[in-house]
Amino acid sequence: MIKKTVMILAAVLALGATTASQSYASQIGGFARQLDAKASRANAPLQMQLFCLQHPQDCKPSKAKVVSYSPKIEKTIRSINAAVNREIKPRREKRDIWSVNVKEGDCDDYVMTKRQRLIRAGIPASALRVAVVRTRMGEGHAVLVVKTTAGDFVLDNLRRNVVKRHSTGYQYVSVSSGNPLKWTR
């Protein structure tokens, strides 16, 4: 545990110069609510960078940036979305750490768990995009976007069904690229 903490602290210090403007989360859902309007981001949010340090196998970009849509892919996406939504109990975190396979967590924990399970199920990592959005109520939130040949599908812990990106009613603030360490606005 101490070794892991030292590693994280070293990473934070090393990344501090490039991520200082990104790291002032309001601690109510973390980065999903730290919507910095100053400039386009080139780097991932600090929480994603730390996640990738701890889970490098989940952060390797793949060659395919889009998955071929099929009934099998649709079933995989829908079943993983439903399973994770059932398994994780919603909870606001005091400290925002993006985690996988937790019993309780906030929106980013749902996103990272769904992303990891979809990668394990054979979906190309670069077709999975983490998105920071504003809900209709103006709250910061995180969702997972799956880029397919039939369009972009959103997996969300606030809704039961997987929907197309344009049907969410969300304002997309920042989205990861095919490389989860590079984000765009």
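Brief remarks follow.
- Selection within the range 131-155 - in contact (Cβ under 8 Å) with a residue 60 or more places away in the chain, in a loop (DSSP other than H, G, I, E, B) and of a type outside the set (S, T, N, Q): 139, 150
- In the range 166-178, the residues that are free of Cβ contacts under 8 Å to residues at least 40 places away in the same chain and part of a strand (DSSP E or B) form Cβ pairs under 9 Å with partners that are surrounded by 15 or more Cβ atoms within 10 Å (Cβ to Cβ) and aliphatic (A, V, I, L, M), at six or more places apart or across chains, as follows: 171/133.
- Number of residues in the range 158-177 that are of a type in the set (S, T, N, Q), over 12 Å from the mean Cα position of the chain (by Cα) and closer than 15 Å to residue 134 by Cα equals 3.
- None of 124, 180 is within 23 Å of residue 57 (Cα to Cα), within 11 Å of the chain's Cα centre (by Cα) and open to solvent by less than 30 Å² (accessible area, probe 1.4 Å) except 180.
- Positions within the range 90-130 being part of a strand (DSSP E or B) and either in contact with a Gly (Cβ under 7 Å, 6 or more places away or on another chain) or modelled with pLDDT under 95 (or both), in sequence order: 90, 104, 105
- Candidates are the residues of the range 159-171 that are out of contact with any Ser or Thr (no Cβ under 7 Å at 6 or more places or on another chain) and crowded, with 17+ Cβ neighbours inside 10 Å; the one that is nearest to residue 112 (Cα to Cα) is 162.
- Within the range 139-158, the only residue that satisfies the criterion of being farther than 17 Å from residue 66 by Cα, modelled with pLDDT of 95 or more and surrounded by fewer than 17 Cβ atoms within 10 Å (Cβ to Cβ) is 158.
The values are calculated or read from the model by the stated rules, or taken from the named source; none is laboratory data. Nothing here was measured: the structure is a model prediction, and the numbers come from that model. With ideal geometry, Cβ positions are generated from the backbone for all residues, glycine too; neighbour counts draw on all protein chains shown. Areas reflect the complete protein model, heavy atoms only, side chains present, ligands, DNA and RNA absent. Shrake-Rupley method; radii C 1.70, N 1.55, O 1.52, S 1.80 Å.
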